[in-house]
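The values are calculated or read from the model by the stated rules, or taken from the named source; none is laboratory data. As the structure is a computational prediction, the values presented were derived from the model and not from experiment. Here the Cβ positions follow ideal geometry from the backbone for every residue, glycine too, while neighbour counts run over all protein chains shown.
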Amino acid sequence: MLRTQSDTLERASAGINAKTRKIRAPGALGLLLDCGLLLDCRSNVVDYTYVGKKEGTVTLGEHGLPSKIVRLNLSDYGDRFFCERGRILGTSESVSITLKVFWGKDLTVHELTGEGDIFLRGGGKVKQKELNDGEKLCIPEEKLVAFSEGIDFRK
């Protein structure tokens, strides 16, 4: 099974089944967000499975836009990682995707937990940067693709 965001499918071969489901924030926060009472941060994921005798193919992409695809293993990041909405290209079946809101920072991201691979996409060039203790990095907010736990950010 392959899990993706709902807007990443380019094409699929015969025998590929797709199941779309809504991801949300946990608890009461999720209910408020689902109703649109706080902000619009609803999102969908699609689980693709193959039913057949041989194998099937799913092609994912950025719908004609040039992008960089980055493959990461969650175990390298303590089995927890955060990425901007719209940056998930695909994940392993064992990866759970939920919404996380960072209050006071006006940021809503996908929280990825579990074991397995994640495939993230970024427009143009993507640079991975390891920050040392106390080190700061200033980037435009729209350029952020993902970050690991322990990273503090301010607008």
Within the range 19-37, tally of residues that are exposed (fewer than 14 other Cβ atoms within 10 Å of the Cβ) and modelled with pLDDT of 60 or more: 4
The range 84-136, residues that are of a type in the set (A, V, I, L, M, F, W, C), under 21 Å from LEU72 (Cα atoms) and more than 14 Å from the chain's Cα centre (by Cα): VAL126, LEU131
Residue that is nearest to LYS100 (Cα to Cα), among those in the range 110-126 that are assigned to a strand (DSSP E or B) and charged (D, E, K, R): GLU111
Lone unmet requirement of (1) touching a Gly at 6+ places or on another chain (Cβ under 7 Å); (2) at pLDDT 80 or above; (3) assigned to a loop (DSSP other than H, G, I, E, B); (4) loosely packed, with under 15 Cβ neighbours inside 10 Å for LEU65: (2)
Positions within the range 127-152 being part of a loop (DSSP other than H, G, I, E, B) and surrounded by 13 or more Cβ atoms within 10 Å (Cβ to Cβ), in sequence order: LEU131, LEU144, VAL145
Only listed residue being among the β-branched types (Val, Ile, Thr), at pLDDT 90 or above and under 22 Å from PRO66 (Cα atoms), chosen from ILE88, ILE139, ILE118: ILE118
Exclusive hit being at positive phi, modelled with pLDDT under 85 and loosely packed, with under 15 Cβ neighbours inside 10 Å, set ASP40, ASP106: ASP106
The range 76-109, residues that are in a strand (DSSP E or B) and closer than 19 Å to TYR48 by Cα: ILE88, LEU89, GLY90, THR91, VAL95, SER96, ILE97, THR98
Among (1) among the charged types (D, E, K, R); (2) surrounded by 17 or more Cβ atoms within 10 Å (Cβ to Cβ); (3) modelled with pLDDT under 85, the one test that GLU111 misses: (3)
